[in-house]
Structures are given as structure tokens and as C-alpha cells.
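*Asks:* Sending over a structure as C-alpha cells; questions will come in a sec.
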């Protein structure tokens, strides 16, 4: 679907393409991975993934714009499509981790953690290194 008022009218953002992947985790609960892709003239230039229980929580991850297309507002436009999704209505919390793109997320209401003491991580920085 074209982005109204966006400088390049050749940009399109199919929503949830492919459809969400549902995986049963017991007791009738499910997790969902929603994806969005941005294309220019048929070439994929951006991607975003959101992992959610579609009830209270979501984690925005894997937001990526190809280097040649960065700095042109594509990440911000992609975020507008992500946050316009009806799947996110009613979620209490959406979190993300970024090293250098705070300016992309702040206009969508993101700010630093208010309850930092509640968050923990299991970090294995060498998981992808080969022996």
C-alpha cells in the first residue's frame, strides 16, 4: 500500500507479509511474529519484526534499512505502518533495544525504561563464534 504524502510514491509497505506465524506454547496461549517489509520498485529495502502475545506485550526487533537507503526517512515511515497495525491495539507494553536509532523511535512515544530494575537479560555474546 503506498504511503500518503511520502516523498517517493514508489515506496510500498505490504503489511504482515507473510502472514503471522502462530506457535502454540500451552494452555491455549500463542506467540506471534509479525513482519513488515518496505519495497521500492519491487526491491525490498527495509524490514521490521515484532514478537507479541497480542494481549499485553510486544518486542520490536530486527528493524533494518539497507545502508544505501538510510537517512531518507524509510525507517520512520516503516514505524508508522508498524504502529498503525490493529494487532497492537490494547498492548500494555512494547519494548525495543537500539544502539543508535533513538531518534527513529522517540516520535512514536518510546522513552528510556521507567522500571529498569525489573528488566534482566541472558546475554551470550559469543554464541555465533565458531570453535
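Where a number appears in this text, it was derived from the coordinates with a stated rule and is not lab data. The structure displayed is predicted, hence computed values, not measured ones. Methodologically, a virtual Cβ is constructed for each residue, glycine included, from the backbone with ideal geometry; neighbour enumeration extends over all protein chains shown.
*Asks:* With a 10 Å radius around each residue's Cβ, average the other Cβ atoms per peptide and rank 96-107, 39-50, 118-129, highest first.
*Replies:* Result, highest mean first: 39-50, 96-107, 118-129.
*Asks:* Now for a different question. Compute the FRET efficiency between residue 103 and residue 66 as 1/(1 + (r/R0)^6), taking r as their Cβ-Cβ distance and R0 = 30 Å, and round to the nearest 0.05.
*Replies:* E(calc), rounded to 0.05, equals 0.95.
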